[in-house]
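Take a look at the structure set out below.
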Ligand SMILES: [Zn+2]
């Protein structure tokens, strides 16, 4: 009995040693001399490739949790005070409405993942028929390690609106439009902020989209855009009432934009995500912030639920528009979290490939 136990123990020790040796060889770690090297080696062995991290460390519930908070379903803490984000109407968010403080909420959230010098609060002036307002975008930078001047953008608008009912200043939940896209940006930050990439990733939260794309137009006026190599804009990705997984990829007619769209389509296939991508070229919409980039000849795509394509021009027979669009009923109750999370994963994995892990 005793001899068997000894043999067993010896085998266990031998297996552990062989495993560590294999890790040492596969991670190119030179001769191990002191205990610190062993610690480093274990850290190497648990550091997942970034795509595996995205696949393993995000869930539909984590994605939905951001939407619950951004749309006033769940309370949030801002500067230690509990509140609800019941409206994200741009006219309310920057006028001190107490339940419209999405901007300070987002700033606090992103500072969990990056240093203050990596964020820019980007103010701009919007003038309507009556007066001028100062609104803000939020820009977060993950600097590239090899070619930091080259930028890949992941964008979404975080403002919302309601029309023909209610009062947007006090209630505009916008769970699908566009807390669903904003949640992709927050998941991307959570998953990618400690990773290294060749190019700079800029994660941009636009305000004023619902008022004729004010935020993205202002961003392009205030920033050098010559080195933007690609933009993925995410707007409304949470509604799929027929569970067909149809996702619209609006590529437009520019070949470089179409390359990004094809990469997203391939990513969905290669990672076996449960989505049916529908490519839109001539019939792509310009009704979101990607259109501001197209106007400057910057390669960009829009990713959305099956909202726009009424003709059913590709794999999806017809569209499946959210009936609560721009209504007070656009709440988490109507969000399909499995579907939206699959799109979130596809988008983040595509950003990873565009920025190139370093
Ligand atoms: Zn929208």
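Compared with the dominant principal axis of the Cα atoms in the chain, helix 337-355 is inclined by about 70°.
Between residue 227 and residue 8, the C-beta separation translates, for a Förster distance of 41 Å, into a calculated FRET efficiency of about 0.10.
Seen against the Cα atoms of the chain and their longest principal axis, helix 180-192 is set at about 30 degrees. GNM remark for the chain: springs join alpha carbons under 10 Å apart, and the peak mean-square fluctuation among 19, 84, 293 falls on 19.
Restricting to the stretch 49-355, compute how many DSSP beta bridges are antiparallel as a %, nearest 5. Don't skip to the answer; put the middle values down first.
Values: 21 of 44 bridges.
Counting DSSP beta bridges with both partners in the stretch 49-355, the antiparallel share is about 50 percent.
Given axes a ≥ b ≥ c from the Cα gyration tensor, I'd like to know whether the stretch 163-249 is rounded (a/c under 1.5), prolate (a/b larger than b/c) or oblate.
Working: a/c = 2.01, a/b = 1.31, b/c = 1.54.
In terms of gyration-tensor shape, oblate.
The gain in end-to-end length when the residue 286 to residue 108 segment is fully stretched comes to 60.9 nm, 0.36 nm per residue minus the alpha carbon separation. Under the simplified labelling scheme, the residue 53-residue 77 pair shows an inter-label distance of 2.5 nm, with each label point 7 Å from Cα along Cα→Cβ. Within the listed set 198, 130, 108, the residue fluctuating most in the Gaussian network model of the chain (springs between alpha-carbon atoms under 10 angstrom) is 130.
The C-alpha atoms of the chain define a longest principal axis, and helix 60-70 lies at about 40 degrees to it. For the options 311, 259, 118, a Gaussian network treatment of the chain with springs between C-alpha atoms closer than 10 Å singles out 311 as fluctuating the most. The distance from the alpha carbon centre of the stretch 309-346 to that of the stretch 50-100 is 20 Å, rounded to a whole number.
Using 0.36 nm times the number of residues separating residue 272 and residue 315, minus their current alpha carbon distance, what extension gain do you get? Before the final figure, lay out the partial values.
Details: separation 43, 0.36 × 43 = 15.48 nm, distance 1.67 nm.
Extra length from residue 272 to residue 315 when fully extended: 13.8 nm.
I need the shape label for the stretch 249-314. Rule: rounded when a/c is under 1.5, else prolate if a/b > b/c, else oblate, with a, b, c from the alpha carbon gyration tensor. Since a/c reaches 1.5 but b/c is at least a/b, the shape of the stretch 249-314 is classed as oblate. Does the stretch 49-355 classify as rounded, prolate or oblate by the C-alpha gyration tensor (a ≥ b ≥ c root eigenvalues; a/c under 1.5 gives rounded; else a/b over b/c gives prolate, otherwise oblate)? Cα axes put the stretch 49-355 in the rounded bin.
Compared with the direct C-alpha span, the chain from residue 163 to residue 262 gains 32.1 nm at full extension, assuming 0.36 nm per residue.
Every number in this text was worked out from the coordinates using simple rules, so none of it is lab data. Please read these numbers as outputs of a predicted model, since none were measured by experiment. Using ideal geometry, Cβ is built from the backbone for each residue, glycine included, and neighbour counts are taken over all protein chains shown.
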